[in-house]
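Worksheet for the structure shown next.
The values are calculated or read from the model by the stated rules, or taken from the named source; none is laboratory data. It should be emphasised that the depicted structure is a prediction, and the values quoted were computed from it without experimental measurement. Virtual Cβ from ideal backbone geometry, glycine too; neighbours counted across all protein chains shown.
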Amino acid sequence: MYEVNTYTKNGDNFIMGDMKIAKEALDVNDGENIVARSLVTISGGKASAYTKANATGGVVPYGIAAADAENGKVVVYMTGEFAGSKLVLPDEVEVSTVAPLLRSNGIFIKDLIE
């Protein structure tokens, strides 16, 4: 009558922990290339890709792209726990730089335990 599903964490999991995840669909600024698991910021009321300049300037990311942007839209994770090693970051930006910034928005970066 009831089916019990069992899941295990493995090295490919991006979503970690049991924290509830809030998502939001956003319009994307023209010319922006936002890929899954990359950081997103807001510019002119629309989503833009997070840059090295944003990170060095201490700009808090708005969220993390749940999938590649398509047709001018992107779904963004607004809260949750995620594997830092799976984030797609701009060149020369370290997880240790953005993790405290994300924490202020309710996004927690965790390390995978093999």
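What the table below lists for this structure:
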{"read-out": "Within the range 96-114, considering residues that are in contact with a strand residue (DSSP E or B) (Cβ under 8 Å, 6 or more places away or on another chain) and part of a helix (DSSP H, G or I), the one farthest from LYS52 (Cα to Cα)", "value": "ARG103"}
{"read-out": "Looking only at the range 1-32, and only at residues there that are touching a strand residue (DSSP E or B) at 6+ places or on another chain (Cβ under 7 Å) and of a type in the set (S, T, N, Q), the one that is modelled with the highest pLDDT", "value": "ASN29"}
{"read-out": "Among the candidates ALA47, ALA99, ALA69, residue that is among the hydrophobic types (A, V, I, L, M, F, W, C) and within 18 Å of ASN13 (Cβ to Cβ)", "value": "ALA99"}
{"read-out": "Qualifying residue in the range 33-42 (condition: on the phi > 0 side of the Ramachandran plot and at pLDDT below 95)", "value": "no"}
{"read-out": "Answer residue from the range 36-95, given it is in a helix (DSSP H, G or I) and within 13 Å of the chain's Cα centre (by Cα) and is nearest to MET19 (Cα to Cα) among those", "value": "GLY84"}
{"read-out": "In the range 76-86, the residues that are closer than 25 Å to GLY31 by Cβ and surrounded by fewer than 19 Cβ atoms within 10 Å (Cβ to Cβ)", "value": "MET78"}
